[in-house]
Structures are given as C-alpha cells and as structure tokens.
Ligand code: SF4
C-alpha cells in the first residue's frame with residue numbers, strides 16, 4: 001500500500017491510465033482529498049465503484065495520528081503527531097491579522113544541532129516523505145477553524161534543504177491548483193545554510209521565499225550557535241546568498257535570533273551591518289524563546305531595540321518579530337522534546 005499524497009496530479013493520471021481508467025478521475029480524486037477534505041475513497045461518490053475498490057487496494061490517504069493539540073493565548077496552535085513508525089513530529093498554525101501561516105516539519109529530529117533549538121536535541125532519525133509533509137498541511141487546512149491557510153513555512157523540525165528532493169516534490173504538489181493552490185510566493189523554505197542545496201534551489205525555477213538562519217555575523221559566534229558553520233562559514237554563505245539573489249531575482253530574508261549574552265550586543269549589530277551589504281535582502285530579528293533545557297534567554301527589550309536601531313541606521317531593511325506561542329512552547333521541537341522525554 002502506498003500513500004496517495006506522494007503522487008503529483010500527473011503521476012496519478014499515469015496510474016489511472018495503467019489501470020485502464022479515465023485520466024480525468026485524477027482531478028476528481030485530488031479535489032476530494034485536498035479541496036473537500038475527504039479521507040475515505042468510498043465517500044468519493046462521483047468515481048466508478050471499481051475505481052474506488054482499486055484505489056482502496058493500492059493506496060491509503062492518512063498516515064498521521066494526532067497525539068496532542070494545544071493553543072496559545074495569542075492564537076498560535078501546535079499539534080503533535082505520531083507517524084506510522086511511532087516517531088513524533090509537530091506542526092504549528094500561526095494566525096495573524098491578514099494571514100494564517102502553517103509551519104511544518106520536514107524531518108524527524110535534525111542533525112544540525114543548533115544550540116538554541118530543541119529539535120536537534122535527540123539527533124536525527126529520518127527524513128519525512130513528501131506525503132507526510134503534505135498531510136501536515138492537510139491537517140492544518142482542515143483544522144483551521146474556518147480560516148483559510150494562506151502561507152506555509154518549512155520551518156518546523158528539521159533542515160528542509162537536508163531533505164531536498166522530498167521537500168521540493170511536496171512544494172510542487174502543494175503549489176498545484178489541484179491541491180491547496182498556495183502560491184509559491186507564499187511558501188518559505190528556511191535553511192541553516194546548506195550551501196550546495198541553496199545553489200541547487202536557485203535552478204529550480206520556483207518563486208518561493210528563501211529564509212536563511214544567520215544568527216551571528218562572525219564565524220566564532222556562529223559556529224558556537226550553529227555547528228553547520230564549521231562546514232559552511234559565514235563568508236561562503238553570504239556569497240552563496242548573493243549568487244542566489246542574482247540568479248533568481250528573489251529576495252532573501254536573514255533570520256537573526258537574539259540570545260542574551262551571545263549575539264545581541266551592539267558590537268554584533270556592527271559586524272552584521274558590515275557583512276549584509278547584500279542587495280535585495282532583509283533581516284528578521286527575533287528575540288529567542290526562553291528554553292530551560294537549552295539554557296537560552298532573550299535579551300532585555302532595550303537591548304533588542306538598540307540592536308534594531310543600529311541596523312536601521314546602517315540602511316538595512318529590518319523587521320522585529322516577537323516569538324509566538326511562548327506559553328505553549330512553540331519554538332520548533334519543544335513540544336516533541338517534552339513528549340519524547342516521557
Ligand atoms: S534550527 Fe533548524 S537546522 Fe538548526 S537544529 Fe533546529 S531544526 Fe535543525
């Protein structure tokens with residue numbers, strides 16, 4: 001049995017033709033699953049009965065099992081799922097005034113072990129398949145309490161560009177008018193800076209947003225926060241980003257999580273302003289969530305404002321974001337971390 005959500009519309013058409021069925025049924029099946037939220041082939045009433053029986057023999061629709069769902073006072077909702085192999089992943093829905101953003105996981109655990117992140121705590125177990133990622137989106141869409149899911153970020157557990165092929169396939173399916181029809185410009189991949197994958201991504205012809213976790217402007221601090229920096233240091237990463245912007249004509253967002261006593265001083269802002277003489281980029285400053293297990297604390301508000309003001313004075317396009325869902329441990333991997341310990 002295979003997960004039908006691993007198939008693109010074209011691939012499902014091919015399956016149907018090989019079964020001597022009409023290819024247009026593929027569009028009907030996609031509509032039932034992704035537009036109407038139907039998860040039982042028997043309920044697809046406009047399909048011939050022999051096709052429904054064949055689909056039931058060869059495919060399943062759902063594979064995630066919801067374990068827990070918690071809501072923050074700011075409306076952020078986090079869901080914890082058990083996969084078929086009993087591993088746990090998380091997906092988050094983040095409502096804002098004009099958008100509803102789904103944040104999904106791409107791997108079980110993560111091998112990159114960034115210091116401020118709970119996801120790498122127990123190491124890497126496996127990549128998620130395209131269908132598992134798509135099911136996270138399906139769940140968020142079907143459980144967004146009447147609100148339309150408008151944006152998607154690949155920013156949950158895992159490094160998306162370390163699961164390149166499955167992530168790109170998932171994006172192409174999610175982007176299809178036959179599924180969720182979420183525009184590529186509303187889909188963001190967030191990476192810790194896997195340079196070969198950034199280069200490959202620039203040739204995909206996808207109009208998606210790319211967000212690069214920088215978090216420090218010098219190799220010493222960044223390597224302490226993000227061990228990946230020892231393989232792909234700051235200078236090479238910035239050069240790869242410049243090249244990506246040149247080739248794709250798309251903007252890159254640099255994420256910078258402010259952590260007290262680590263990377264939030266004015267000397268850090270100065271270094272950042274020097275390396276970010278990059279056209280068509282912006283910086284998102286995010287005071288970190290306090291994570292007891294990882295001993296990280298956000299800086300005082302005054303220090304955060306001084307950091308932002310320094311960048312603004314240096315002509316850098318900067319946005320200050322507040323962490324969402326602090327009361328429900330919404331930083332990636334925190335809920336999984338709590339349950340994985342039990
Ligand atoms: S921040 Fe991203 S790359 Fe770093 S450990 Fe967490 S999930 Fe992995």
Q) Angle, helix 234-248 long axis vs. longest principal axis of the chain, Cα atoms, 0 to 90°, nearest 10? A) 50
(Q) Taking the number of other C-beta atoms within 10 Å as the exposure measure, put 27, 54 in order starting with the fewest. (A) 27, 54
Q.
Please compute, over every Cα-Cα pair in segment 2-60, the percentage with a separation greater than 16 angstrom.
A. 33
Q: For residue 49, put the label point 7 Å out on the Cα→Cβ axis and report which residues of segment 1-42 keep their amide N under 14 Å from it.
A: 42
Q. Average projected area of the Cα convex hull of segment 220-306, in nm²?
A. 6.2
(Q) I need the calculated FRET efficiency for the pair residue 99 and residue 290, taking r as the beta carbon distance and R₀ as 35 Å, to the nearest 0.05. (A) 0.85
Q. For segment 132-148 and segment 209-247, what is the separation of their C-alpha centers, rounded to whole Å?
A. 32
Q: State the Cα centre-to-centre distance between segment 27-60 and segment 69-93 in whole Å.
A: 27
Q | Value of relative contact order over the chain, rounded to a whole percent, pairs C-alpha under 8 Å and six or more apart | A | 16
Q | Nearest 10 degrees, 0 to 90: helix 164-175 Cα axis against the chain principal axis | A | 70
Q. Between residue 122 and residue 239, 0.36 nm times their residue separation minus their Cα-Cα distance comes to what?
A. 38.9 nm
Q) Mind checking the angle between helix 9-18 and the chain's longest principal axis? C-alpha axes, 0 to 90 degrees, to the nearest 10. A) 30
(Q) Please compute the contact order of segment 2-60 in relative form: average sequence separation of alpha-carbon pairs under 8 Å and at least six residues apart, divided by the residue count, as a percent. (A) 35
Q) On full extension of the chain, what length is gained from residue 71 through residue 145, given 0.36 nm per residue of separation minus the C-alpha to C-alpha distance? A) 25.4 nm
Q. If you count the DSSP beta bridges with both ends in the chain, what percent of them are antiparallel, to the nearest 5?
A. 45
Q. When only C-alpha pairs under 8 Å and at least 6 residues apart count, what is the relative contact order of segment 201-325, in percent?
A. 25
Q. In the chain, what is the volume of the convex hull around the alpha carbon atoms, normalised per residue and reported in Å³?
A. 134
(Q) For residue 306, project a label point 7 Å along Cα to C-beta. Then give me every residue of segment 266-282 with its amide nitrogen under 15 Å of that point. (A) 266-271
Q. Once label points are set 7 Å from the Cα along Cα→Cβ at both residue 251 and residue 270, what is their separation, rounded to one decimal in nm?
A. 2.9
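Taken together, the values in this text are just the output of simple stated rules run on the coordinates, not laboratory data. Computed from a prediction, not measured in an experiment: that's the story for all the values here. Neighbour counts run over all protein chains shown; Cβ positions are idealised from the backbone, glycine included.
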